[in-house]
Amino acid sequence: MKSQEYILLEDEFGAHNYKPLDVVIERGEGIWVWDVDGKKYLDCLSAYSAVNQGHCNPKIMQAMFDQAKKLTLTSRAFRNDQLGPLYKELCDLTNSHKVLPMNSGAEAVETAIKAVRKWGYQIKGVPEDKAEIIVCRNNFHGRTITIISFSTDPTSTNGFGPFTPGFKVVDFGDAQALEDAITENTVAFMVEPIQGEAGVIIPPDGYLRDVRRICDENEVVLIFDEIQTGLGRTGKMLAEEHEGVEADLTLIGKALSGGFYPVSAVLSNTEVLGVLKPGEHGSTFGGNPLACAIARTALRVLRDDGLIDNAATLGEYFTQGLRAIDNPKIKEVRGRGMLIGVEFHPEAGGARQYCEKLKEAGLLCKETHETIIRFAPPLVITKEDIDWALERITPILSE
Ligand SMILES: *Cc1c(COP(=O)(O)O)cnc(C)c1O
């Protein structure tokens, strides 16, 4: 079949809850993907940072095959031989004390919300049903009803009410606004260390340290949603390390499986997760042996193959190359590690047109919020690959 036929099938029989670029991918390897016509592209999105380890990473694939032949699902009614080792390895790599495994990122967020509410009632002494969680404007934490209840993006919320109460919104990057919003009923502050979907928004230096201090002073649980920024993407295992702070709860997902399978987790540095007792929370697939075996190898690849350092060094190189593009329509190039945003002035007429041209030239990128292109290739990228990319990106983004 030709690509146009696949596109027609998707559009006729599928819900239209996405507006993808019209490229039909059938194969991937490392940073490269191939469409059904055999054309090759450099993937600059990495499935929103889920394939940090590269497409079809051979080590993770082998671990998946090996485990799939032995055991895939027991449910948590029984124990399995992959879960304990995953917990230990995750705690060692991220300096955490406890882990709660789930599947999608949104489920990790929901889990954290449940845990901090219970913690608020049982430990902090907040009156029943009064718990408040503070979040940031332009956040992205997922798509469930509770999570969109505190989204500030009308496209995410319009027509989906009634919403879950108990959330307050403050400006991202404004520590004073957080301090002012805290009341005796505040149980948690949840924030992305860098806002990914909002367009790679990096907070002012010291912000993460300030919110850490404010949460400590007010007995508020600090939750970092590192589902996109975590696991090497920004040049550190977790983005919080850039400011030397630790959240009480850290949410990871996406690259935790290297793109093979949905695996997410809540990591805890305090006893917050300890408030959950048997039967109070769970998931049929969460912590299954197939997911655990995949995640264990996905983590090992990040560390052993030097992908985190690669993100730091080559991310800086890529950012410099993008900054060198001389076009007054570009408002800003910003990034940390291999999470890079190029923002155009509104007069430039949107970022989508550039993404279409980059696609023709063999690079897959996706615009976010109309005017921003995110560049986030798999972390297995080399300097030569970046030079190849910049040779193609520079003339297009100069237009
Ligand atoms: C992608 C993402 C999520 C949601 O993850 P899903 O697996 O799509 O449910 C939550 N938070 C952040 C910061 C994300 O980037």
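Since every read-out is calculated from the coordinates, none of them should be taken as a lab result. Owing to the predicted nature of the structure, the values given are computational and were not obtained by experimental measurement. Glycine also receives a Cβ, built like all others from the backbone with ideal geometry; neighbour counts cover every protein chain displayed.
When the helices of the chain are scored as -39500 (n - 2.57) per DSSP H run of n ≥ 4 and the total is divided over every residue, the value at 222 nm lands at -10500 deg cm²/dmol. Considering only the chain, what is the antiparallel percent among its DSSP beta bridges, to the nearest 5? In the chain, approximately 65 percent of DSSP beta bridges are antiparallel ones. FRET efficiency for the pair Lys2 and Trp388, taken as 1/(1 + (r/R0)^6) with r the Cβ-Cβ distance and R0 = 25 Å, rounds to 0.35. For the stretch 280-398, relative contact order (Cα pairs under 8 Å, six or more residues apart, normalised by length) works out to 23 percent.
Over the stretch 59-304, Cα pairs under 8 Å with separation of 6+ residues give a relative contact order of 31 percent. For the stretch 52-64, putting each phi into the Karplus relation 6.51 cos²θ - 1.76 cosθ + 1.60 with θ = phi - 60° gives couplings of 4, 7, x, 4, 6, 3, x, 5, 5, 4, 4, 4, 5 Hz, in residue order, rounded to whole numbers and with x for Gly and Pro. Most mobile of Asp81, Asp248, Asp11 per a Gaussian network model of the chain (Cα springs, under 10 Å)? Maximum among the listed residues: Asp11. With neighbours defined as other Cβ atoms within 10 Å of a residue's Cβ, the residues Lys40, Lys168 order from fewest to most as Lys40, Lys168. Each 10 Å bin, from zero up to the one with the longest distance, holds this percent of the alpha carbon pairs of the chain: 5, 22, 32, 27, 12, 2, 0. Spin-label pair Asp205-Ala47: with each label point 7 Å from Cα along the Cα-Cβ axis, the two points sit 3.7 nm from one another. Each peptide in 45-53, 382-390, 359-367 gets a packing score, the mean of other Cβ atoms within 10 Å over its residues, and the list from highest to lowest is 45-53, 359-367, 382-390.
Working from label points 7 Å from Cα in the Cα-to-Cβ sense, the Thr183 to Glu12 distance is 5.5 nm. For the stretch 241-398, the Cβ-based charge dipole about the Cα centre amounts to some 380 debye (Lys, Arg positive; Asp, Glu negative; other atoms uncharged).
Only the Cβ atoms of Lys and Arg (+1) and of Asp and Glu (-1) were treated as charged; on that basis the dipole of the stretch 31-76 about its Cα centre amounts to roughly 280 debye. In this structure, the amide hydrogen of Lys366, modeled 1.01 Å from its nitrogen in the peptide plane, lies closer than 5 angstrom to those of Arg374, counting only residues at least 5 positions away or on a different chain.
Dipole magnitude for the stretch 119-240: about 340 debye, using +1 per Lys or Arg Cβ and -1 per Asp or Glu Cβ, origin at the Cα centre.
For Asp216 and Lys329, FRET efficiency with R0 = 51 Å and r from the beta-carbon atoms, rounded to 0.05? Plugging the Cβ-Cβ distance into 1/(1 + (r/R0)^6) gives 0.70.
Between the stretch 350-380 and the stretch 292-314, the C-alpha centres lie 24 angstrom from each other. Tell me the angle of helix 105-119 to the major Cα principal axis of the chain, expressed in degrees between 0 and 90 and rounded to the nearest ten. Between helix and principal axis, roughly 20 degrees. With the simple model of a label 7 Å out from the Cα in the direction of the Cβ, Ala361 to Ala68 spans 3.7 nm. Peptides 272-279, 114-121 ranked from most to least packed by the mean count of surrounding Cβ atoms within 10 Å: 114-121, 272-279. Among the listed pairs Lys19/Lys98; Lys124/Lys236; Lys236/Lys331; Lys88/Lys130; Lys39/Lys69, give every one whose C-alpha distance is greater than 31 Å. Cα-Cα > 31 Å for Lys19/Lys98; Lys124/Lys236; Lys88/Lys130; Lys39/Lys69; rest within.
Using only Cα atoms, tell me the angle between helix 289-304 and the longest principal axis of the chain; keep it within 0 to 90° and round to the nearest 10. That helix lies at roughly 60 degrees to the long axis. The distance from the alpha carbon centre of the stretch 54-89 to that of the stretch 147-185 is 36 Å, rounded to a whole number.
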